[in-house]
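Below is one structure, written out as structure tokens; the observations come after it.
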Amino acid sequence: MASSSKSTLTIGTPIRATADFCLLPLGTSSASVSRQIADVQLLMQKSGLNYSMHSAGTTVEGTWDEVTGVIGQAHSMLHEQGIVRVHTDIRIGSRTDKTENFRDKVTAVENHLAKDAEAAQ
């Protein structure tokens, strides 16, 4: 393994990051957590970050610190609502070779599917 002369204190975080996260409030009075997820979506909206809710979570883009920060704020917000346990699964990606957002990635796959459908006719 290559060794780096940089101190871990001087290594920054990626400029751009995309996170997909699934936040689960545990121990609520109901099996439904749609109210809490709606509150998280309001927080996402107020953050000003590019985001999209889907059936299994939320995708959010920004700097590494912005993305991880807003997920942490979601935890704190739910704890302030009296939810004593919050679990979140997170996948975070970063790239340095090009600027691409999550919608661009979906569009690229849809373009391949359209070409495949045309070729099959």
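Roughly how far apart, in whole Å, are the Cα centres of region 1-64 and region 72-121? First find each Cα centre; the distance between them is then 10 Å. Phi-derived couplings, Karplus 6.51 cos²θ - 1.76 cosθ + 1.60 at θ = phi - 60°, listed residue by residue for region 27-41: x, 7, 6, 9, 5, 7, 10, 4, 4, 5, 5, 4, 4, 5, 5 Hz, with x used for Gly and Pro.
Extents of region 13-120, taken as max minus min of Cα coordinates on every principal axis and listed largest first, are 54, 34, 21 Å. Karplus-derived 3J(HN,Hα) values for region 13-23, using 6.51 cos²θ - 1.76 cosθ + 1.60 with θ = phi - 60°, are 9, x, 5, 10, 8, 10, 10, 10, 9, 10, 9 Hz; glycine and proline are entered as x.
Annotation for region 64-121: trypsin sites (Lys or Arg not before Pro) lying in DSSP loop with at most 16 further Cβ atoms inside 10 Å of their Cβ are R95, K98. Phi angles of region 81-93 translate, via the Karplus equation with coefficients 6.51, -1.76, 1.60 and θ = phi - 60°, into HN-Hα couplings of 7, x, 7, 7, 9, 10, 10, 9, 9, 10, 10, 10, x Hz per residue; Gly and Pro are given as x.
Every read-out reported here was derived from the displayed coordinates using simple, explicitly stated rules and does not represent laboratory data. Computed from a predicted model, the values in this text were never measured in an experiment. Backbone-built Cβ (ideal geometry, glycine too); neighbour counts: all protein chains shown.
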